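Below: the structure, in structure tokens.
The values are calculated or read from the model by the stated rules, or taken from the named source; none is laboratory data. All of these numbers come straight from a predicted model, not from anything done at the bench. Glycine also receives a Cβ, built like all others from the backbone with ideal geometry; neighbour counts cover every protein chain displayed.
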């Protein structure tokens, strides 16, 4: 996998455009002059978590004796479930969490909105498939994070400029692309299982 395709995969799973309304809702009680700083701080915390998991996640799998074929297939299923939820959201499973204080810290902005379990799982799948390619995945992760952080940092402007409906439409489109990626990963896992 090239750095560009890995970065695109990370970006799609990170779903910063879909997170814009969630960030704005979570920060509605935060003082306006603090919002940009909080977004930047939370994105930096998320990056630290994602980079850490990029290096240590594979060792957990080795400890559990999970094979690459199983991981590929599971990664494909996870991506498809994420994509279906992006395309067909339900009111019974909202993505936002109730806020009990004025300024969120780590939860829910850094985790799970940016560094969610789905993104961490995709990291592990990619690194397990190609352990020596970790520099490519690290570069791809940082690139996807940079673009995502820029989008989230300008979340207030984006909502005013394009509106909620346009953001939702883009999220649906990203979900459809993720479906294709998930199916491909599932097929690759099945193929690896039967040919190994």
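Got a sec? Which of 152, 167, 141, 158 is in a helix (DSSP H, G or I), at pLDDT 85 or above and more than 14 Å from the chain's Cα centre (by Cα)? Give the steps one after another, and end with the answer.
Working: 152 fails: more than 14 Å from the chain's Cα centre (by Cα); 167 fails: at pLDDT 85 or above; 141 fails: more than 14 Å from the chain's Cα centre (by Cα).
After applying the criteria, what remains is 158.
So residue 50 passes all but one of these: (1) under 14 Å from residue 113 (Cα atoms); (2) more than 12 Å from the chain's Cα centre (by Cα); (3) touching a residue at least 24 places away in the same chain (Cβ under 8 Å). Which condition number does it fail?
Tallying (1) under 14 Å from residue 113 (Cα atoms); (2) more than 12 Å from the chain's Cα centre (by Cα); (3) touching a residue at least 24 places away in the same chain (Cβ under 8 Å), residue 50 fails exactly one: (2).
Given the condition assigned to a helix (DSSP H, G or I), at pLDDT 85 or above and under 30 Å from residue 25 (Cα atoms), answer yes or no: does some residue in the stretch 183-194 qualify?
Within the stretch 183-194, not a single residue is assigned to a helix (DSSP H, G or I), at pLDDT 85 or above and under 30 Å from residue 25 (Cα atoms).
Any residue that is in contact (Cβ under 8 Å) with a residue 24 or more places away in the chain, more than 18 Å from residue 140 (Cβ to Cβ) and buried (at least 22 other Cβ atoms within 10 Å of the Cβ) - is there at least one of those in the stretch 83-101?
yes
If residue 75 satisfies every condition in (1) under 27 Å from residue 194 (Cβ atoms); (2) surrounded by fewer than 17 Cβ atoms within 10 Å (Cβ to Cβ); (3) under 16 Å from the mean Cα position of the chain (by Cα) but one, which is the exception?
Here residue 75 clears every test but (2).
For the stretch 59-72, which positions are surrounded by fewer than 20 Cβ atoms within 10 Å (Cβ to Cβ) and in a helix (DSSP H, G or I)? Break it down stepwise before answering.
Initially, the stretch 59-72 is screened for residues surrounded by fewer than 20 Cβ atoms within 10 Å (Cβ to Cβ), giving 59-70.
Of everything in the stretch 59-72, those that are surrounded by fewer than 20 Cβ atoms within 10 Å (Cβ to Cβ) and in a helix (DSSP H, G or I) turn out to be 59, 60, 61, 62, 63, 64, 68, 69, 70.
Of the residues that make up the stretch 126-135, is at least one over 20 Å from residue 76 (Cβ atoms) and surrounded by 14 or more Cβ atoms within 10 Å (Cβ to Cβ)?
Applying the first criterion (over 20 Å from residue 76 (Cβ atoms)) to the stretch 126-135 yields 132, 134-135.
Next, only the ones that are surrounded by 14 or more Cβ atoms within 10 Å (Cβ to Cβ) stay: 134.
Yes; the residues of the stretch 126-135 include at least one that is over 20 Å from residue 76 (Cβ atoms) and surrounded by 14 or more Cβ atoms within 10 Å (Cβ to Cβ).
Taking the condition surrounded by fewer than 19 Cβ atoms within 10 Å (Cβ to Cβ) and either over 16 Å from the mean Cα position of the chain (by Cα) or farther than 23 Å from residue 164 by Cα (or both), does residue 26 pass?
Working: surrounded by fewer than 19 Cβ atoms within 10 Å (Cβ to Cβ): no; either over 16 Å from the mean Cα position of the chain (by Cα) or farther than 23 Å from residue 164 by Cα (or both): yes.
Taking the combined requirement at face value, the residue does not satisfy it.
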